[in-house]
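Since every read-out is calculated from the coordinates, none of them should be taken as a lab result. Only a predicted model underlies this, so the values are computations on that prediction, with no experimental measurement involved. So basically every Cβ, Gly included, is an ideal-geometry build from the backbone, and we count neighbours across all protein chains shown.
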Amino acid sequence: MRYKTVLVHADLSRHAPERIALAADLCAEHGAHLIGAAMTGISREVLPNGYNVAPGSLLAGYFDPLEHAARQALDAFEAIAARRGVSYEPRLVCDDVADGLVLLARFADLLVVSQDDPAESLGYAAPAVRMPDHLVFHAARPVLVVPAAHAAQGCARRVLLCWNGSREAALAMAGALPLLQRATHTTLAWFAPAFPVDSASAQELADALAFLKRHGVHAEPVLRDPGHDTGHAILRLAAELDCDLVAMGCFGHSQFSELLLGGASRTVLREAALPVLMMH
Amino acid sequence: MYKTIIVHVDDSGSMDARLRAAAWLANSGAAHLVGVAATGMTWPVYAMLAGSLAVVPANEFDSLRDVARASLARFTEAARALGVASVEERLVEDASRDALLLQSRYADLVVTSQDADDAATVRGLPQYLALHGVRPVLTVPAAYAGAALTDVVVVGWDGSAPALRAIEGALPLLQGARAVRLALVNPEREAGLHGDDPGADMALYLARHGVQVEVFTERTALPAGEALLGIVRACGAGLLVSGAYGHSRYREIVLGGVTRVLLERAPVPVLFAH
């Protein structure tokens, strides 16, 4: 499958230009349509029929600046997308950021957002905390998390695909295929705590590699002992192999409204200095 | 395209139809076809039953393997006769559902029979795989005789994540279809999920993937499953695509009504995902 529609979050964060540029580069490479979505931050429970606040009203006093900020974010998005020469469209959504993205992501193949930056204050909006985590669980689509640190431009060529025989890893493998197929180098990293591996696990690894190969992806397997900290082991290996993308499944579950992420996923999402593709 | 397809292999009467569908898919995409037959239980479980409990004869485990191997040999012969170039046999010493669940992780699609009353089939297999697996499941009715799956396809769309994953899983088939009908049953009930123009967003998304759909909206007092089957019959569809719904937290799988109806009574193959 190729990416044909990419959804990127548009806002006034200082990370937005790089995030949007990365999404636009992906679209150029895959021949995909780029949708930039800016949310007002006002839940659709509050304004279910779009932004229809009467001018001059008390509500307008509170909400107009939010709507204005979203429009500004979309103007900036359009400028970047137009410069990259991709097919694009702006969408203004009157909803909470995370909820709005989850609903729109249904009609996209990939969702692009920034890593959380709790230090950044956007003044008018609540700080985005654990938004990538929430999106990975609820969007039913792969999520590309663009690091707060400066990321290399252009599309990923050296990919670290994390695998451990779990169902999450299997999902990540399939979800990352369009990116893997365009990479020059894919490493399948198996962080296994026990060596030598038993024959059943070795067979599974062979099956995973065969599955990828039939889709045109020649992945090189690398086995590592993760020690006590798989998350940091992943990031160390990615640096060692000079990768420009990590693809992994996301462990954990959402209980009520509190997300409980597995340790490795949490570490990677918080600390990665390179783009991460996550699936659940 | 599907490049690796898993098909459940056993001795039941529905095996023939199941293999026809799997072979059709494998041939249309030059895919590798893997037949998976299970002994039905692992050796430790067998040993426990044959040992202190003496529920089964002590030296019959080999015959479980032999039966599975014989099924696999028949499968390979039949698959080659149907023109499949790349065929593989897998014998797994485990319960069928667990065997298929694991094997399906390294495939694009799993093919099983419909959940029927036939004593030889594994009850609950398709729904277990659809709800707990990571790949789409194609359930094939016993009466399936080899008709093309990419003539007219009906896609059930209700705005939900399971339906979304089913559409994603069915994409190679939708792209090759002569006609695709996106069917929305009583969409007002999920107005929040659908927005102003139910189906329009999905139609546009699919158009970018090269799939032209016709949106059908049906308002009916019938349950959704029955309504979908009615649409399938009315369009002469050869394939239905639907999300699978259930409560996977519970030990005993309690299915949504739509899924049960489709799993038991669809007259055509159904592609499920959760």
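Report, in degrees rounded to the nearest 10, the 0 to 90 angle that the Cα long axis of helix A:58-84 makes with the longest principal axis of chain A.
Its long axis makes an angle of about 50 degrees.
Using the crude model of +1 on Lys and Arg Cβ and -1 on Asp and Glu Cβ, and no other charge, please compute the dipole size for the protein assembly as shown relative to its Cα centre, in debye to 20.
880 debye
Which value at 222 nm does chain B reach when only helices count, each DSSP H run of 4 or more adding -39,500 (n - 2.57), with the total divided by all residues and rounded to the nearest 500 deg cm²/dmol?
-12000 deg cm²/dmol
Among A:PRO221, A:PRO142, A:PRO132, determine the one that fluctuates most according to a GNM of chain A built with springs between C-alpha atoms less than 10 Å apart.
In the Gaussian network model the winner is A:PRO221.
Starting from 0 in steps of 10 Å, tell me what percent of the Cα-Cα pairs of the range A:58-203 lands in each bin.
The calculated distribution, bin by bin, is 8, 29, 35, 18, 7, 3, 1.
How large is the Kirkwood hydrodynamic radius of chain A, in angstrom, based on all distinct alpha carbon pairs?
About 19.5 Å, per the Kirkwood formula over Cα pairs.
Quick check on chain A: helices-only [θ] at 222 nm, where DSSP H runs of length 4 and up contribute -39,500 (n - 2.57) each and the sum goes over total residues. Nearest 500, please.
One gets -12000 deg cm²/dmol as the mean residue ellipticity at 222 nm.
Over the range A:158-279, with a single point scatterer placed on each C-alpha, what log10 of the ratio I(q)/I(0) does the Debye formula yield at q = 0.13, 0.18, 0.20 1/Å?
With one equal scatterer per Cα and no solvent, log10 I(q)/I(0) is -0.48, -0.93, -1.14.
Name the shape class, rounded, prolate or oblate, that the alpha-carbon gyration tensor gives for the range B:152-273, where a ≥ b ≥ c are the square roots of its eigenvalues, rounded holds for a/c under 1.5, and otherwise prolate holds if a/b is larger than b/c and oblate otherwise.
Cα axes put the range B:152-273 in the rounded bin.
Which of these, B:ASP158, B:ASP115, B:ASP197, has the largest mean-square fluctuation under a Gaussian network model of chain B (Cα springs below 10 Å)?
Of the options given, B:ASP197 has the highest mean-square fluctuation.
Express the C-alpha Rg of the protein assembly as shown as a ratio against the empirical globular expectation 2.2 N^0.38 Å, rounded to two decimals.
With N residues counted in the protein assembly as shown, Rg over 2.2 N^0.38 Å equals 1.01.
Can you put A:TRP163, B:TRP43, B:TRP24 in order of Cβ neighbours within 10 angstrom, beginning with the fewest?
Ordered from fewest to most neighbouring Cβ atoms within 10 Å, A:TRP163, B:TRP43, B:TRP24 come out as B:TRP43, B:TRP24, A:TRP163.
Mind checking the mean number of beta-carbon atoms from other chains within 10 Å of the Cβ atoms in B:230-237?
Partner-chain Cβ atoms within 10 Å, mean over residues of B:230-237: 0.
I want to make sure I understand the PRE zone here: with the label point 7 angstrom from the Cα of A:ARG270 toward its beta carbon, which residues in the range A:1-33 have backbone N atoms less than 15 Å away?
The answer is none.
Report the extension gain between B:ASN27 and B:ALA81 in nm, rounded to one decimal, defined as 0.36 nm multiplied by the number of residues separating them, less their alpha carbon distance.
18.2 nm
For the range B:4-140, what class follows from the C-alpha gyration tensor (a ≥ b ≥ c being the square roots of its eigenvalues): rounded when a/c is under 1.5, otherwise prolate if a/b is larger than b/c, else oblate?
prolate
For chain B, report the % of Cα-Cα distances exceeding 28 Å.
The share of Cα pairs beyond 28 Å in chain B comes to 35 percent.
Under a 10 Å cutoff between Cα atoms, tell me which one of A:LEU235, A:LEU58, A:LEU188 has the largest fluctuation in the Gaussian network model of chain A.
The residue with the greatest mean-square fluctuation here is A:LEU58.
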